[in-house]
């Protein structure tokens, strides 16, 4: 895989597990509020160092040699599902390390998600809620694939211009019956793909709490992040 970032130890990216977090390069989307422009725009490729799969695998082997410190690997991006080598990387992790695999996705490649699931190469999938894709057939197929899994989550970043009182109900209806749904606070700090979004003021936490309380009945678990 083309991996351009790596947090060796993370306590927050895989629920109830210690994971190592890797960042796949490239994305088929250009979400203006994205905080990883260096992983999305090709003009930055010369400014990022490619990390070998073997370096990640050897690190985990060393960490887990005498005691299992790393329980899982979390693969995010960018958008990892558009890299053809994602299944082979997941297979290596499974075969050589025997730890859990989590994949973060924007839900635009259901064919890849189905391949990962059918070949038992992934244990947990986290899918971003993209408001502009809710009526797309392929995106809705990804929703259906996740809902059949044992462990998964949907997460909605509440950008005020995109998520509002007049459309929040229709958004939540789309994911009704999901096991885990997270309402994530939008952050206007740090660089974004479109820095005009830095001028947008995030909702107060009370607004997120209001939505969470109102729609938690739709899900097994509904919580606020950020």
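For this structure, a couple of remarks:
To keep it simple, each residue is scored yes or no on (1) modelled with pLDDT under 95; (2) more than 22 Å from residue 154 (Cα to Cα); (3) surrounded by 15 or more Cβ atoms within 10 Å (Cβ to Cβ).
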| residue | (1), (2), (3) |
| --- | --- |
| 3 | no, yes, yes |
| 20 | no, no, yes |
| 23 | no, no, yes |
| 41 | yes, yes, no |
| 45 | yes, yes, no |
| 51 | no, yes, yes |
| 61 | no, yes, no |
| 75 | no, no, yes |
| 92 | no, yes, yes |
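- Residue in segment 194-204 that is surrounded by fewer than 15 Cβ atoms within 10 Å (Cβ to Cβ) and in contact with a strand residue (DSSP E or B) (Cβ under 9 Å, 6 or more places away or on another chain) present: no
- Failed item, numbered, when residue 130 is tested on (1) over 29 Å from residue 69 (Cβ atoms); (2) exposed (fewer than 15 other Cβ atoms within 10 Å of the Cβ); (3) within 19 Å of the chain's Cα centre (by Cα): (2)
- Taking every residue in segment 46-58 that is under 19 Å from residue 68 (Cα atoms) and pairing it with any residue that is surrounded by 12 or more Cβ atoms within 10 Å (Cβ to Cβ) and at pLDDT 95 or above, at least 6 positions away or on another chain, the pairs with Cβ-Cβ distances below 6 Å are 57/96.
- Scanning segment 100-113 turns up at least one residue that is over 23 Å from residue 140 (Cβ atoms) and touching a strand residue (DSSP E or B) at 6+ places or on another chain (Cβ under 9 Å).
- Total residues in segment 70-103, condition part of a helix (DSSP H, G or I) and more than 14 Å from the chain's Cα centre (by Cα): 12
The values are calculated or read from the model by the stated rules, or taken from the named source; none is laboratory data. Everything quoted here is computed from the prediction, not taken from an experiment. We place every Cβ from the backbone using ideal geometry, glycine too, and count neighbours over all the protein chains shown.
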